[in-house]
């Protein structure tokens, strides 16, 4: 018999009310939830009679295939159907992908062609898409392919119950039509239960909710939430780790409202002596990099290459990464080779690779390459950082804090993959996935957590006009409890290392501190190499250095502009740079970078050669400012001397790296003004600015401008700066740098974090 079991508080009420069943098999949707329920049962002394497994393991144990049937994973089915689509329809991968996703969704409702025929009546779906669905269905049926959805049907027919065993399916956010049909088929042969909170079930008031497709007779009860009071702590956005380090100590546990933690989230929640576990797409970046390199090869060869040629290219690439001990990329390359080999052997039409085929193989790799769980090991841990599934266990809530951020609520917004008219047809065949049901379940868990003594930490602004937050806290009277002001500003947490603040400082040293004390401390005190990069390619951060070298060499040695001379100079400069830095870039990387450097340098070289013709003008590159002002060290990119007057310029590759007017006058960006201050000590300084190599029209100027007048505009110009006021400001900054003992992640702006190379190692608020 299949029963939807309605429990009051916890699902194990089901076990207590069915004493006649001696053993239980508990089936969960994922390994993570299986681990969670297994742990709950162990702590409650019920593990001896309960086996907890995943639904994938359950299907594997009960599925029997005939000789004519072939079991295919999603990635294998995708390759088969793409080959079929490409030969019968076209090579438009985006249209194929939409049709494939729709087909897999259709099969979760109905394995016959009836649903496809219903969809064929809709004017909103292209005829090409419907024809594709019919072809996919015919292909799967004719070749007796067993996918995940077909497995549910077969297990329903083949299931054999074991004596005195009850089956519990739990932890499923959604059960589709095929899964429910399987449960009903099993229920004819055994005791099968699907536990759900009675409070949540009473809110399932429509046919779209999956519980209503299991339990059709029981009437819903009116729900009136009892008002409960709850104090919560509000913390600023972007400074979570700083506060958690003070709040979550010793046996206290933090629970993140995220459904799963990725590394960036863990980084912002990092707490000393707390363990965490997270899924991490280990191969994600390397798949992108290899795909990009193959695409470049395709571009160089008219958009098509034989799979044999791609294999040879990947073999060469694998040797380079093997020599570097880059085993993640090496594993990705070998997986690419295997997928391309299997793909080319599938059909003659697959022996050549195009961009559309590459998109498919990239997606297949994303499905097939392993994900890894990362656990940080601490010398003496005092607990874990949990995810919202941990709310299912209500033990020791007095020592738990639930943290909810605005990003967490974003995952609960409704995002429909298909149009409403498609969903209406789906709803006649089975339940729809519903965010409303997810919110109802989470609301129930949050209320239980609060009533059991759990504490809330909410990101500032979470409750302001957010309908999802209002729904989650329906019936909860929230009272903001602010931390003491001293704790909100700075927790007393000190690191042993301190950066040495010398008498002679470079503007970049001071600028790093202004940008973010955390980044400054990591780089100059803890010695973290923030600029580490692979020797397999020329990192884009190097491009400024190469640009400067090319501009200086050309302008000093030549009087007129020649593209051929410039290209030869760039070639020689790049080759020298590669040798000096022991790099092993691909030919395509070198060519791409050569073209970029030529684009950046051409305009400024032409302009400087024009300025150079004035006999009263002298161009001075890379001038050491420490020679004229002992307070600073560093090099000015370009000085232009006209008579006795000087003009100071700094090269910037793109407009995005040029400060705006406010940043300059408020001394948030100090590099150019520091050069002004240094050079004006002994010289007549008239002006200067930032020269944008990508587009000289985006340049920014200070003071007089006599050389780049055609690029000068009032919106990108400051008439003068108060250098004495600037010097006083710098003295205060330097004094602070020498005395400060805490280094919070206090970025000057959000953009500071977005482009910061310290992102991978920054704990977003940790003091050390």
Segment residue 609-residue 218, extension gain: residue separation times 0.36 nm, minus the distance between their alpha carbons = 132.1 nm
Which order, highest average first, do 12-24, 200-212, 683-695, 220-232 follow once you tally other Cβ atoms within 10 Å for each residue and take the mean per peptide?
-> 683-695, 200-212, 12-24, 220-232
Efficiency of FRET from Cβ geometry, residue 748 and residue 545, R₀ 25 Å, rounded to 0.05 = 0.50
Given the C-alpha centroids of segment 45-70 and segment 136-181, what is the distance between them in whole angstrom?
-> 11
For segment 659-715, what class follows from the C-alpha gyration tensor (a ≥ b ≥ c being the square roots of its eigenvalues): rounded when a/c is under 1.5, otherwise prolate if a/b is larger than b/c, else oblate?
-> oblate
Pseudo-spin-label distance residue 347 to residue 300, built 7 Å along Cα→Cβ, given in nm, is 3.1
Length gained if residue 717 through residue 249 is fully extended, taking 0.36 nm per residue and subtracting the Cα-Cα distance, is 163.3 nm
So, in nm, how far is label residue 563 from label residue 57 when the simple model puts each one 7 Å beyond its Cα toward the Cβ?
-> 6.6
What is segment 70-143 by shape, rounded, prolate or oblate, if you read a ≥ b ≥ c off the alpha carbon gyration tensor as root eigenvalues and call it rounded for a/c under 1.5, prolate for a/b larger than b/c, and oblate otherwise?
-> oblate
Rounded to the nearest 0.05, what FRET efficiency do residue 644 and residue 591 give with R0 = 60 Å and r taken as the Cβ-Cβ distance? Could you check?
-> 0.85
Give me the distance in nm between label points sitting 7 Å out from Cα along the Cα-to-Cβ direction at residue 525 and residue 477, one decimal.
-> 4.5
Percent relative contact order for segment 70-143, counting Cα pairs under 8 Å at least six residues apart, stands at 33
Would you work out if segment 112-270 is rounded, prolate or oblate? Take a ≥ b ≥ c from the square roots of the eigenvalues of the alpha-carbon gyration tensor; rounded if a/c is under 1.5, else prolate when a/b is larger than b/c, oblate otherwise.
-> prolate
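All of the numbers you see were taken from the coordinates with simple rules; none came from a lab. Here the structure is a predicted model, which is why all the values come from computation and not from measurement. Quick reminder, even Gly has a Cβ in these numbers, built from the backbone with ideal geometry, and neighbours come from all protein chains shown.
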